[in-house]
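Here it is, the structure in full.
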Amino acid sequence: MTIRVLVAEDQAAVRAALVMILSAEPDLEVVGQAADGEEAVRLALELRPDVVLMDVQMPRLDGVSATREVVAAGAAQVLVLTTFDLDEYVYGALRAGAAGFLLKDLEADTLVEGIRTVARGDGMLAPSVLRRLIGTFARPDRTVGPDARAAVAALTPREREVLACIGAGLSNGEIARRLEMAEATTKTHVSRILSKLELRSRVQAAILAQDLGLTV
């Protein structure tokens, strides 16, 4: 299955680099490019891509406002990519309906995986953003239901270690280094944890780990 991507970025050199990275992947197809927010919305409505890779700071219409319009129209999933992880951008983008928020200093592999993740309907957040969201929404005094506690207790010892690392806001690479295992193995553990706990996102897993007081 080919994932159709619209790249919205006002800086021509950055936009060209993003297109080059994505075009090198056999399962990704760049179907359009936009240099400002208004063009991003217009092309999203016209082309109906699977994912819009959206910059925040753009002329004519900013990325947050453009995200809101694209999501409201049901035109595509939006993955925000920006240089800045300021709270006003993070919360603005997520409130507008963005499925993910990544920073431009990421590795190319992480960007590609982010697009694939968002295209599947899952969320994707930069580790620094995830840590802040955990701190904002996790409540240590919240009562965790017996079913959730039983599900966590049924995890393997290694899976509980991985869950604790997720709760600390660590990325897959950081978890792999912390627990001395391959990153591919870490991804497998994370997928199994979400499935066993019947959670849709990494953020939900992180908040549950925080609520349970799991530590690494």
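The values are calculated or read from the model by the stated rules, or taken from the named source; none is laboratory data. Fair warning: this is a prediction, and the values are worked out from it, not measured in the lab. Every residue, glycine as well, gets a Cβ built from its backbone with ideal geometry; the counts of neighbours run over all protein chains shown. Accessible surface areas use protein heavy atoms only, side chains included; no ligands, DNA or RNA. Shrake-Rupley method; radii C 1.70, N 1.55, O 1.52, S 1.80 Å.
Checking GLU69 against (1) buried (at least 24 other Cβ atoms within 10 Å of the Cβ); (2) part of a helix (DSSP H, G or I), which single condition isn't satisfied?
(1)
Can you name every residue in the stretch 178-188 that is in contact with a helix residue (DSSP H, G or I) (Cβ under 9 Å, 6 or more places away or on another chain) and open to solvent by 30 Å² or more (accessible area, probe 1.4 Å)?
Across the stretch 178-188, the qualifying residues are ARG178, MET181, ALA182, GLU183, ALA184, THR185, LYS187.
Could you tell me whether the stretch 54-66 includes any residue that is hydroxyl-bearing (Ser, Thr, Tyr) and open to solvent by 40 Å² or more (accessible area, probe 1.4 Å)?
Scanning the stretch 54-66 turns up no residue that is hydroxyl-bearing (Ser, Thr, Tyr) and open to solvent by 40 Å² or more (accessible area, probe 1.4 Å).
I've got another one for you. So, in the stretch 82-91, of the ones that are touching a residue at least 12 places away in the same chain (Cβ under 8 Å) and open to solvent by 10 Å² or more (accessible area, probe 1.4 Å), which residue ends up farthest from ASP55 (Cα to Cα)?
The qualifying residue farthest from ASP55 (Cα to Cα) is ASP87.
Let me ask something additional. Given the criterion at pLDDT 95 or above and either outside any helix (DSSP H, G or I) or open to solvent by less than 30 Å² (accessible area, probe 1.4 Å) (or both), identify the matching residue among GLU46, GLU25.
GLU25
So, in the stretch 186-214, exactly how many residues are within 18 Å of the chain's Cα centre (by Cα) and either β-branched (Val, Ile, Thr) or not in a helix (DSSP H, G or I) (or both)?
Final tally of qualifying residues: 9.
Could you list, ordered by first residue, the pairs with Cβ atoms under 9 Å in which the first is in the stretch 191-216 and over 19 Å from PRO127 (Cβ atoms) and open to solvent by less than 50 Å² (accessible area, probe 1.4 Å) and the second is among the β-branched types (Val, Ile, Thr) and not in a helix (DSSP H, G or I), at least 6 apart or interchain?
Once the first residue is over 19 Å from PRO127 (Cβ atoms) and open to solvent by less than 50 Å² (accessible area, probe 1.4 Å) and sits in the stretch 191-216, its partners that are among the β-branched types (Val, Ile, Thr) and not in a helix (DSSP H, G or I) give ASP211/THR143; ASP211/VAL144; LEU212/VAL144.
If you check ALA126 against the conditions, is it surrounded by 15 or more Cβ atoms within 10 Å (Cβ to Cβ), farther than 20 Å from SER171 by Cα and not β-branched (Val, Ile, Thr)?
It is false that ALA126 is surrounded by 15 or more Cβ atoms within 10 Å (Cβ to Cβ), farther than 20 Å from SER171 by Cα and not β-branched (Val, Ile, Thr).
Okay, next question. Being part of a helix (DSSP H, G or I), in contact (Cβ under 8 Å) with a residue 40 or more places away in the chain and under 20 Å from GLY123 (Cα atoms) is the filter here, so list the residues in the stretch 156-185 that pass it.
LEU163, ALA164, CYS165, ILE166, GLY167, GLU174
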